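Participant: Please see the structure below; I have some questions.
The values are calculated or read from the model by the stated rules, or taken from the named source; none is laboratory data. As the structure is a prediction and not an experimental result, all values here were calculated from the model. Neighbour counts are summed over all protein chains in view; Cβ atoms, including those assigned to glycine, are modelled from backbone coordinates with ideal geometry. Heavy atoms of the whole protein, side chains included, go into the accessibility calculation; ligands, DNA and RNA do not. Shrake-Rupley method; radii C 1.70, N 1.55, O 1.52, S 1.80 Å.
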Amino acid sequence: MRVDAESSKAQLRKRIRSERAARAAAEAESSGAEYVSSIAESAWQVVKSLRPDLDLTGCSMLAYAALAGEPDLDPTIDRFLAHGGTVYLPVVTSVGHALMFGAVTGSMSTLEPRGKWGIREPSPSLTASALLAAEVAPDLIFVPALGFGPGGARLGNGGGFYDRTFGPQGEVPLVGAVGEEPLAGPQGEVPLTDGTRTDGERTEPASVYGVCFSSELNLPGLTIEPWDLQISQAVTDHGVHTLD
């Protein structure tokens with residue numbers, strides 16, 4: 001069964017990557033990028049729902065730098081920064097390890113691709129535990145995905161970085177597995193489904209959203225392992241969706 005599940009995920013990844021590549025190629029040949037701009041606008045509406053006055057002084061957000069074909073949050077990030085907020089991005093250190101994080105100090109266009117996958121990254125300055133400490137803890141977290149299945153099952157790129165960082169058995173658990181008691185983190189913290197931690201380091205819950213295209217919701221055949229990060233809502237080109 002485990003082999004079948006992994007085979008199903010591999011097939012889904014291949015299909016979705018192919019579809020994203022075709023979409024990116026079509027957008028490059030046209031003057032518009034409606035899917036990308038719609039996703040960025042959906043994400044911005046989430047920001048506005050948290051801070052209607054858009055005074056983001058003292059607010060922080062964890063986002064990501066999109067690769068070609070991925071849902072692009074660059075416009076959202078730049079607007080967040082322009083309104084006085086702080087933005088952190090993940091940094092891949094090495095395979096098999098949790099993510100680190102760094103702050104964006106300028107517009108997204110100033111970031112250079114780095115490392116094996118050519119991801120635009122800031123300099124790493126925070127571990128996941130440090131990121132979720134009260135003084136820098138994000139108010140809002142956007143997690144990229146190739147799509148989602150029932151129960152908020154997330155299809156990632158296969159490296160396991162977000163699971164090792166934020167999954168139930170990760171460095172800083174954000175979400176417990178459905179139908180199971182939440183697992184304590186490495187420092188004894190107990191994860192809650194909204195991103196709150198009970199180790200005394202968080203004072204407010206983080207709002208956590210997955211990000212994908214609307215056609216990548218309700219993916220069939222996704223199973224949830226005890227270490228998998230699950231997410232209850234996703235931002236898409238058709239707005240925000242609750243993942244049942």
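Participant: Report the extension gain between Q45 and S7 in nm, rounded to one decimal, defined as 0.36 nm multiplied by the number of residues separating them, less their alpha carbon distance.
Facilitator: Stretched out fully, the Q45 to S7 stretch lengthens by 10.0 nm.
Participant: Explain nothing, just the number: relative contact order of the range 72-165, from Cα pairs under 8 Å at least 6 residues apart, as a whole percent.
Facilitator: The normalised contact order for the range 72-165 reaches 25 percent.
Participant: If you average 1/r across every pair of different Cα atoms in the range 1-150 and take the reciprocal, what Kirkwood value do you get, in Å?
Facilitator: Kirkwood radius, the range 1-150: 16.9 Å.
Participant: What does the accessible area of F80 come to, in Å² to the nearest 10, when a probe of 1.4 Å is used?
Facilitator: 10 Å²
Participant: Using the Cβ atoms and a cut-off under 12 Å, what net charge is assigned to the surroundings of A68, where Lys and Arg are +1 and Asp and Glu are -1?
Facilitator: +1
Participant: Obtain the nm distance between the two label points defined at Q233 and K116 by a simple spin-label model: each point lies 7 Å from its Cα along the Cα-to-C-beta direction.
Facilitator: It works out to 3.5 nm between the two label points.
Participant: Among residues other than V104 whose Cβ falls under 15 Å from its Cβ, what is the net charge (Lys/Arg +1, Asp/Glu -1)?
Facilitator: -2
Participant: Given the protein chains as shown and a 1.4 Å probe, how many square angstrom of H97 are accessible, to the nearest 10?
Facilitator: Here the residue's solvent-accessible area equals roughly 100 Å².
Participant: Subtract the Cα-Cα distance of S107 and A134 from 0.36 nm times their separation in residues, and report this length gain in nm to one decimal.
Facilitator: Stretched fully, the S107-A134 segment lengthens by 7.2 nm.
Participant: Report the net charge of residues surrounding V47, where surrounding means a beta-carbon distance below 15 angstrom and charges are Lys +1, Arg +1, Asp -1, Glu -1.
Facilitator: With Lys, Arg at +1 and Asp, Glu at -1, the net is -3.
Participant: On to the next question. Could you list the trypsin sites (Lys or Arg not before Pro) in the range 99-139 that lie in coil according to DSSP, counting only those with at most 13 other Cβ atoms within 10 Å of their Cβ?
Facilitator: Loop-located and lightly packed - K116.
Participant: Once the piece of chain linking S125 and H97 is laid out straight, how much longer is it, given 0.36 nm per residue of separation minus the C-alpha distance between them?
Facilitator: 8.5 nm
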